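Visitor: One structure is given below, represented as structure tokens, and several questions about it will come after.
The values are calculated or read from the model by the stated rules, or taken from the named source; none is laboratory data. Worth saying up front: this structure is predicted, and the values here are computed from it rather than measured. We place every Cβ from the backbone using ideal geometry, glycine too, and count neighbours over all the protein chains shown.
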There are 2 protein chains.
Amino acid sequence: MSQTPLSPEALEAALRQIGAERYHNLHPFHRALHGGQLNKAQVQAWALNRYYYQARIPAKDAVLLARLPTTELRREWRRRIEDHDGSEPGTGGIARWLRLTDGLGLDRDYVESLEGLLPTTRFAVDAYVHFVGEKSILEAIASSLTELFSPTIISERVSGMLRNYDFITEETLAYFTPRLTQAPRDSDFALSYVKEHARTVEQQEAVIDALKFKCSVLWSMLDALDYSYVAPGRIPPGAFQPS
Amino acid sequence: MSQTPLSPEALEAALRQIGAERYHNLHPFHRALHGGQLNKAQVQAWALNRYYYQARIPAKDAVLLARLPTTELRREWRRRIEDHDGSEPGTGGIARWLRLTDGLGLDRDYVESLEGLLPTTRFAVDAYVHFVGEKSILEAIASSLTELFSPTIISERVSGMLRNYDFITEETLAYFTPRLTQAPRDSDFALSYVKEHARTVEQQEAVIDALKFKCSVLWSMLDALDYSYVAPGRIPPGAFQPS
């Protein structure tokens, strides 16, 4: 990167370029998932492991919430926790994700126990939680910017999975519908914040690295699923064994 | 596990059984590494990624050292840091590991920059550093017990690599020789500590889980190497590209 800071618009373009090159919609496992090349056990493995990501998002957001200095920022960030945890039993993003694992025939207690997780899933997700506690607030907010790219992957995923798998229904994919409005609202805020506060070359480099880091978290999770569950399938000791 | 605590000897047997089932000498990547089935670029990728593990071990040990309550325990644990960091420039385990990456033709600045690391390597190693800071001291000490199993893998590795690769010499494998005496000394201490202090069923379960966790750290690193660098080889964005 040059020694002259980017304009806010050029910074946004650089961030969008990272998505175009590193977002996990480009991963072979996602292409197979959306394209109908997986069997039910492989879709189960994806939903089971991705559950841990969903389940830790409120922890990630709470770690950051605890560090935010103003009521305005905390109100904005608190909404993310409300989206994931809901306000009544059975509501919120985590509960909706469990409808997906239910619909795939996974035992709910087993899913929630985390016993069958791939260790790499746990390490990648935990790295994200630690990142928002250890890096600057600017970097922590920037790491959420993968949501800039999620509406595209969600529409590809929902239409592809409904078309290609007879064990997938609109009801089991209920997680994704509210995300189509929540993610743009959240990423609009985060992008504005980053464009306003990343002014120096160093801050802009840190923001770009934070988004690359977050892309690598999502990518690592798919590497592990592909390695473990797609042929030849080398499931690590102790992880979910399809029945 | 039953509701009656194991005898110290039965606990040791249970811990050794975990090694027999989950230690990374059983991983297909290690079998290929030791058996001569890898090319030089693949051995480079292994040494480059494993460097990060070596480089973080003193941080892992310092995090635990900071939590140990007595001079006796701290003296014992401090020796591990001395082994890895040495007392003069060019000495210690990390410096010896760099002789391996040098011997494999990797640029030392590039290795030390960590730029080419697989993200999964970073997440797995960092998970180990966090583990010893967040879990009980008993679990943190137990997580070091993979060293019970390392003399076997080291002798397999040294003899196999010397026999099978013309780009490997005794000098480049200098890292491993002192480990053959350091690891048993360290694991004798840790095993005695664990056998003495893990008395309840809950403590024994925690100790067993800690060793499983550590095995999964090492296993995850090899999953990522195998997925990324062994055919078809799906190197994630930004990671080391063999020239």
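Visitor: Pick from A:131, A:149: which is over 30 Å from residue B:214 (Cβ atoms), of a type in the set (Phe, Trp, Tyr), in contact with a helix residue (DSSP H, G or I) (Cβ under 7 Å, 6 or more places away or on another chain) and modelled with pLDDT of 95 or more?
Guide: Criteria check complete, one pass: A:149.
Visitor: Does residue B:154 satisfy being among the aliphatic types (A, V, I, L, M) and over 14 Å from the mean Cα position of the chain (by Cα)?
Guide: So residue B:154 fails the test.
Visitor: Now for a separate question. Residues that are at the interface with chain A (Cβ under 10 Å from one of its Cβ atoms) and loosely packed, with under 15 Cβ neighbours inside 10 Å: does segment B:202-210 have at least one?
Guide: no
Visitor: So which residues in segment B:15-27 are assigned to a helix (DSSP H, G or I) and either away from chain A (no Cβ under 14 Å) or touching a residue at least 12 places away in the same chain (Cβ under 8 Å) (or both), if there are any at all?
Guide: First, pick out the residues of segment B:15-27 that are assigned to a helix (DSSP H, G or I): B:15-22, B:24-26.
Across segment B:15-27, the qualifying residues are B:15, B:16, B:18, B:19, B:22, B:24, B:25.
Visitor: Tell me which helices (runs of 4 or more DSSP H) are completely within segment A:112-199 and hold 1 or more residues being buried (at least 19 other Cβ atoms within 10 Å of the Cβ) and within 14 Å of chain B (Cβ to nearest Cβ), or say none if there are none.
Guide: A:119-134
Visitor: Sticking with this structure for a sec: Kindly list the number of the only condition in (1) of a type outside the set (Val, Ile, Thr); (2) on the phi < 0 side of the Ramachandran plot; (3) in contact with an Asp or Glu (Cβ under 8 Å, 6 or more places away or on another chain) that fails for residue B:92.
Guide: With respect to (1) of a type outside the set (Val, Ile, Thr); (2) on the phi < 0 side of the Ramachandran plot; (3) in contact with an Asp or Glu (Cβ under 8 Å, 6 or more places away or on another chain), residue B:92 is out only on (2).
Visitor: If you go through segment B:223-234 one residue at a time, do you hit one that is assigned to a helix (DSSP H, G or I), over 16 Å from the mean Cα position of the chain (by Cα), closer than 24 Å to residue B:106 by Cβ and more than 10 Å from every other protein chain (Cβ to nearest Cβ)?
Guide: Yes - at least one qualifying residue is present in segment B:223-234.
Visitor: Same structure, new question: Being part of a loop (DSSP other than H, G, I, E, B), at pLDDT below 95 and not aromatic (Phe, Trp, Tyr), is that true of even one residue in segment B:3-14?
Guide: Yes, there is a match, as at least one residue in segment B:3-14 is part of a loop (DSSP other than H, G, I, E, B), at pLDDT below 95 and not aromatic (Phe, Trp, Tyr).
Conditions tested, residue by residue: (1) within 14 Å of chain A (Cβ to nearest Cβ); (2) among the charged types (D, E, K, R); (3) assigned to a helix (DSSP H, G or I); (4) farther than 26 Å from residue A:238 by Cα.
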position	(1), (2), (3), (4)
B:29	yes, no, yes, no
B:34	no, no, yes, no
B:37	no, no, no, yes
B:43	no, no, yes, yes
B:46	no, no, yes, no
B:51	no, no, yes, yes
B:57	no, no, yes, no
B:62	no, no, yes, yes
B:67	no, yes, no, yes
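Visitor: All but one of (1) within 14 Å of chain B (Cβ to nearest Cβ); (2) assigned to a loop (DSSP other than H, G, I, E, B); (3) basic (Lys, Arg) hold for residue A:214; which doesn't?
Guide: Evaluating residue A:214 over (1) within 14 Å of chain B (Cβ to nearest Cβ); (2) assigned to a loop (DSSP other than H, G, I, E, B); (3) basic (Lys, Arg) leaves (2) as the failure.
Visitor: Kindly indicate which of B:209, B:223, B:188 is modelled with pLDDT of 95 or more, touching a His at 6+ places or on another chain (Cβ under 9 Å) and of a type in the set (Asp, Glu).
Guide: Numbers: B:209 fails: touching a His at 6+ places or on another chain (Cβ under 9 Å); B:188 fails: touching a His at 6+ places or on another chain (Cβ under 9 Å).
B:223 is the lone residue from the list that is modelled with pLDDT of 95 or more, touching a His at 6+ places or on another chain (Cβ under 9 Å) and of a type in the set (Asp, Glu).
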